[in-house]
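Student: Sending over a structure as structure tokens; questions will come in a sec.
The values are calculated or read from the model by the stated rules, or taken from the named source; none is laboratory data. Since the model is a prediction, treat every value here as computed from it, not as a measurement. Cβ sites come from the backbone with ideal geometry, for glycine too, and all protein chains shown count toward neighbours. To get the accessible areas, we keep the full protein, side chains included, count just its heavy atoms, and leave off ligands, DNA and RNA. Shrake-Rupley method; radii C 1.70, N 1.55, O 1.52, S 1.80 Å.
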Amino acid sequence: DTEGLLRIKEENQKHYRRAQRHQEKKEKIQRHNRKLGDLVEKKTYDLKTQYEHLANLRRTHILELTSVIFPIEEVKTSMRDPADVSSESDNAMTSSTVSKLAEARRTTYLSGRWVCDDHNGDTSISITGPWITLPNNGDYSAYYNWVEEKKTTQGPDMEHNNPAYTISAALCYATQLVNTLSLILDVNLPKKLCNRQVEFCGENLSRHRFTRAVKKLNANILHLCFSQHVNLDLLHPLHTLRNLMYLVSPDTENLGR
């Protein structure tokens, strides 16, 4: 029994010495992990700082781009509310009639259905200058109506102020701006619209091709707005330049993220 007790004591001492070595190794690993944790925290802070610096650079480039080359702003129109005009001409008109006229003014017939548009008739959005604008309600029917009329009309077109030219130019500039913004923001666009073969400034497009290209452009703009956390309450799927204006506005806090 005494010999057995001695053997057990020796084994216990071996286990104790091994436990001490394991404890030292554990403490060494813990010190190494703390160093790695501090290094990761420092690297994370440096990365966050670099992201903020990159976002500020992107924001600066975008604001410079949209102030010098592609300025986007609202253009006021002189159109008066028909409800006001009617109420002035008829003092006996009821308030319900006035409200119905105002509601009708905010409604647009677009692609076979009625669409509510609060900005209809009040303002339009221009790009690169006040002479190149797009309708607020997204109704670009003037373009393909002009194309269809052009097919049946012989001779050169002498109408330089044709709204179809304005719509085509504005959509062309918007496409170029969107593609440039995707490069600056490093955001892949869901729809492909190439600058080298600009959809809207080439040959006259049919109604189907034109509406398809407009939908692709609007989808790309909304994708950029979502990537920069633009307030969703401000966006409308048909408002091409207005959505772009909200995207590149200096008030957009996350622009450049």
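Student: Under the rule of at least 5 residues apart or a separate chain, name every residue whose amide H is placed under 5 Å from the amide H of residue 73.
Tutor: For residue 73, whose amide H was placed from the backbone, the distant partners under 5 Å are 126.
Student: While we're here: Could you compute the net charge surrounding residue 10? Neighbours are other residues with a C-beta less than 12 Å from the C-beta of residue 10; K and R count +1, D and E count -1. Kindly include the intermediate steps, with their values, before the conclusion.
Tutor: Numbers: positive: 7, 9, 14, 17; negative: 3, 11.
Every neighbour counted, the sum reads +2.
Student: Using the Karplus curve 6.51 cos²θ - 1.76 cosθ + 1.60 with θ = phi - 60°, work out ³J(HN,Hα) for each residue of segment 235-246 in order, rounded to whole Hz, and write x for Gly and Pro.
Tutor: Ordered by residue, 3J(HN,Hα) equals 8, 9, x, 9, 8, 4, 6, 5, 4, 5, 5, 5 Hz.
Student: Still on this structure: Taking the Cβ-Cβ separation of residue 2 and residue 23 as r and a Förster radius of 30 Å, what is the calculated FRET efficiency to the nearest 0.05?
Tutor: Details: r = 31 Å, r/R0 = 1.04.
The value I calculate is 0.45.
Student: Counting only protein heavy atoms and using a 1.4 Å probe, what share of the accessible area of segment 125-256 belongs to carbon plus sulfur, as a whole percent? Kindly include the intermediate steps, with their values, before the conclusion.
Tutor: Working: 3460 of 6840 Å².
The computed percentage sits at 51.
Student: Could you state how much accessible area residue 139 has, in square angstrom rounded to the nearest 10, with a 1.4 Å probe and all protein chains kept in place?
Tutor: Surface open to solvent at residue 139 totals about 40 Å².
Student: Then there is this: Report, in whole Å, the centroid distance computed from the Cα atoms of segment 19-73 and segment 211-257.
Tutor: Taking the Cα centre of segment 211-257 as reference, the centre of segment 19-73 is 28 Å away.
Student: Let me ask another. Per-residue counts of other Cβ atoms within 10 Å, averaged by peptide: what ranking do you get for 240-247, 53-60, 129-136, highest first?
Tutor: Numbers: 240-247: 23.4, 53-60: 14.0, 129-136: 19.2.
Going from most to least packed, we get 240-247, 129-136, 53-60.
Student: Moving on to the next point. Given the whole protein assembly as supplied and a 1.4 Å probe, what does the accessible area of residue 42 come to in Å², nearest 10?
Tutor: Its heavy atoms expose roughly 120 Å² to the probe.
Student: Shifting gears a bit: Calculate the tail of P(r) for segment 125-256: the fraction of all Cα-Cα distances greater than 20 Å, expressed in %.
Tutor: Roughly 45 percent, rounded to a whole number.
Student: Output ³J(HN,Hα) for segment 63-72: one whole-Hz value per residue in order, computed from phi by the Karplus curve 6.51 cos²θ - 1.76 cosθ + 1.60 with θ = phi - 60°, and x for Gly and Pro.
Tutor: 5, 5, 4, 7, 9, 9, 9, 10, x, 10
Student: Quick check: from the Cα gyration tensor, does segment 184-257 come out rounded (a/c under 1.5), prolate or oblate? Numbers along the way, then the final one.
Tutor: Values: a/c = 2.54, a/b = 1.81, b/c = 1.40.
Because a/c hits 1.5 or more and a/b exceeds b/c, segment 184-257 counts as prolate.
Student: Please give the length that would be gained between residue 201 and residue 76 if that part of the chain were fully extended, namely 0.36 nm times their separation in residues minus their C-alpha to C-alpha distance (nm, one decimal). Walk me through the numbers on the way to the answer.
Tutor: Values: separation 125, 0.36 × 125 = 45.00 nm, distance 2.61 nm.
Here the answer is 42.4 nm.
Student: Can I ask one more? With every protein chain in place, what's the accessible area of residue 39 (1.4 Å probe, Å², nearest 10)?
Tutor: Approximately 90 Å² of residue 39 is accessible to the 1.4 Å probe.
Student: On a 1.4 Å probe surface of the protein chains, which of 25, 191 comes out largest in accessible area, and what is the full order?
Tutor: Working: 25 130, 191 95 Å².
My answer, sorted largest first, is 25, 191.
Student: Further question on the same structure: Want the number for residue 235 to residue 53: 0.36 nm per residue separation, take away the alpha-carbon distance, what's left? All intermediate terms of the calculation are to be shown ahead of the outcome.
Tutor: Details: separation 182, 0.36 × 182 = 65.52 nm, distance 2.77 nm.
Stretched out fully, the residue 235 to residue 53 stretch lengthens by 62.8 nm.
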